[in-house]
Amino acid sequence: MFDKAKLMAKAFKLKKALESELTEMEENGISIKVTGDQKIKYLSVNGSENKVLVEVINKAMKKSQENAAKKMQDMGGLEGLM
């Protein structure tokens, strides 16, 4: 069976690695920067940064992830997939 401490350490290391990854996209006057853990760091439309929109999108993403995690847990978690 898995050693829980080692698994937690690997998960933490992966989380930190994903947080440091940054993907940038610019198209049709929209510029966006997203981290590997799916958080928007920067968003501008026609050169105008919109921090409020970034906050709202990140809150919606977090709520969506929480809902998905709860649904997975209700279905038996990862053990239910194997």
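The values are calculated or read from the model by the stated rules, or taken from the named source; none is laboratory data. Everything numeric here is computed off the predicted structure, so don't read it as measured data. Neighbour counts run over all protein chains shown; Cβ positions are idealised from the backbone, glycine included.
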Are any residues in the range 17-31 farther than 13 Å from N46 by Cβ and hydrophobic (A, V, I, L, M, F, W, C), and if so, which ones?
A17, L18, L22, M25
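So that you can scan it fast, the table gives a plain yes or no per residue for (1) of a type in the set (S, T, Y); (2) touching a Phe, Trp or Tyr at 6+ places or on another chain (Cβ under 8 Å):
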residue: S20; (1), (2): yes, no
residue: I32; (1), (2): no, yes
residue: V54; (1), (2): no, yes
residue: S64; (1), (2): yes, no
residue: A68; (1), (2): no, no
residue: K71; (1), (2): no, no
Qualifying residues in the range 1-29 (those that are modelled with pLDDT of 95 or more and loosely packed, with under 10 Cβ neighbours inside 10 Å) - the one nearest to the chain's Cα centre (by Cα)
M25
Report whether or not E26 is over 20 Å from E66 (Cα atoms) and among the acidic types (D, E).
yes
If a residue has to be assigned to a helix (DSSP H, G or I) and farther than 14 Å from V34 by Cα to count, how many in the range 47-58 make the cut?
2
For the range 64-72, state whether one or more residues are touching a Lys or Arg at 6+ places or on another chain (Cβ under 6 Å), exposed (fewer than 11 other Cβ atoms within 10 Å of the Cβ) and without any contact (Cβ under 8 Å) to a residue 40 or more places away in the chain.
no
Could you tell me whether the range 30-38 includes any residue that is basic (K, R) and modelled with pLDDT of 95 or more?
yes
